[in-house]
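J.: So that we are looking at the same thing, I have put the structure below in structure tokens.
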Amino acid sequence: MRKLAAGNWKMNGLASQLDEVAALAAAHPDPACDVLICPPATLVDRLARKIVLLDSTILIGGQDCHPKPSGAHTGDISAAMLRDAGATHVIVGHSERRADHAETDAQVRAKAEAAVSQGLVAIVCIGETEAERDAGRTLDVVRGQLAGSVPAGAAPETIVVAYEPVWAIGTGRTPTPAEIAEVHADLRARLVQRFGPGASGIRLLYGGSVKPSNAAEIFALPHVDGALVGGASLKADDFGAIVAALSAA
Ligand code: PEP
């Protein structure tokens, strides 16, 4: 399986931020893993044009999409629009959207279905809060989110699952390697149980304070097929070091 280093720029980046992509492409012209950047929607088209100019293999993704293909939904963006702008992937159900916009598992699943129907790979995010982990409910929570958010017929070409403990995002804190391994093994077992042996090829990303200093240790864990990276994806040096660690894993 080809692993995936995905960068989520969140609500960061004006046009000048694309210089970081040029630096990343120059430093890592032929990585041994897929490299994806999910800029804010305003930059998807410009990034797509830049990637062509750079003759780079870097992939482009959106950070969210509406479940409907078009209509009266001011401010929203459809999967078809992302695809039209040059995206091949889209993040759905990021914990910041679940929290800020009260997105439910059913809505996340509908977004993932919309993405797949438009030919995009949906990166479905799940993860427990700190209170849920402290209460010993981590596996219950992520199993529920996995069952509710991942659409029927999920396959390696259409769905990526990102395990992102909410309390690890942007905090500099991470679960222990054993804790990450426990969740990823459980998610893998659930996916195979639901979708059959082919689901062993669905990529499981870890996300939450991945940085150059901890990347190699996390990527060495079983069933960790890459990372969803927030803060450290904004700088070419940091993201490049993570790409290098994943390429070497
Ligand atoms: C994220 O936003 O998905 C994320 C993992 O952020 P960070 O790497 O900054 O913790």
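The values are calculated or read from the model by the stated rules, or taken from the named source; none is laboratory data. Quick caveat: nothing in here was measured; it's all calculated off a predicted structure. Don't worry about glycine lacking a Cβ; one is built from the backbone with ideal geometry, like all the others, and counts go over all protein chains shown.
J.: Considering every residue within segment 38-45, establish whether at least one is at pLDDT 95 or above, of a type in the set (Gly, Ala, Ser) and under 24 Å from residue 156 (Cα atoms).
T.: So in segment 38-45, the residues at pLDDT 95 or above come out as 38-45.
Then keep just the ones that are of a type in the set (Gly, Ala, Ser); that gives 41.
Then keep just the ones that are under 24 Å from residue 156 (Cα atoms); that gives none.
Looking for residues that are at pLDDT 95 or above, of a type in the set (Gly, Ala, Ser) and under 24 Å from residue 156 (Cα atoms), one finds none in segment 38-45, hence no.
J.: Select from segment 71-92 the residues that are more than 18 Å from residue 116 (Cα to Cα) and not hydroxyl-bearing (Ser, Thr, Tyr) and write down the one among them that is nearest to the ligand (Cβ to nearest atom). Step through it out loud before you land on a result.
T.: From segment 71-92, those more than 18 Å from residue 116 (Cα to Cα) are 71-75; that's our starting set.
In the following step, the residues that additionally are not hydroxyl-bearing (Ser, Thr, Tyr) were identified as 71-73, 75.
Working: 71: 28, 72: 30, 73: 24, 75: 21 Å.
Top of the filtered list is 75.
J.: Tell me whether segment 125-136 contains one or more residues that are touching a Lys or Arg at 6+ places or on another chain (Cβ under 9 Å) and away from the ligand (no atom under 16 Å from the Cβ).
T.: Yes, that holds for at least one residue.
J.: Hey, another quick one. Condition first: outside any loop (DSSP other than H, G, I, E, B) and surrounded by fewer than 15 Cβ atoms within 10 Å (Cβ to Cβ). Now tell me which residues in segment 140-155 satisfy that.
T.: Result: 140, 144, 147.
J.: Does residue 10 satisfy the condition of being within 16 Å of the ligand (Cβ to nearest atom), of a type in the set (D, E, K, R) and either part of a loop (DSSP other than H, G, I, E, B) or loosely packed, with under 15 Cβ neighbours inside 10 Å (or both)? Talk me through it step by step, then tell me what you get.
T.: Numbers: within 16 Å of the ligand (Cβ to nearest atom): yes; of a type in the set (D, E, K, R): yes; either part of a loop (DSSP other than H, G, I, E, B) or loosely packed, with under 15 Cβ neighbours inside 10 Å (or both): yes.
For residue 10, the condition - within 16 Å of the ligand (Cβ to nearest atom), of a type in the set (D, E, K, R) and either part of a loop (DSSP other than H, G, I, E, B) or loosely packed, with under 15 Cβ neighbours inside 10 Å (or both) - is met.
J.: Next up: In the list 106, 102, 87, which residue meets the criterion of being farther than 22 Å from residue 230 by Cα and of a type in the set (Gly, Ala, Ser)?
T.: Step by step, each of 106, 102, 87 is checked, and only 106 is farther than 22 Å from residue 230 by Cα and of a type in the set (Gly, Ala, Ser).
J.: Looking at segment 58-126, what strands (runs of 3 or more DSSP E) fall wholly within it and have at least 3 residues that are in contact (Cβ under 8 Å) with a residue 24 or more places away in the chain, under 15 Å from residue 164 (Cβ atoms) and in contact with a strand residue (DSSP E or B) (Cβ under 8 Å, 6 or more places away or on another chain)?
T.: On the way: elements: 59-62, 89-92, 121-126.
Ranges flagged: 121-126.
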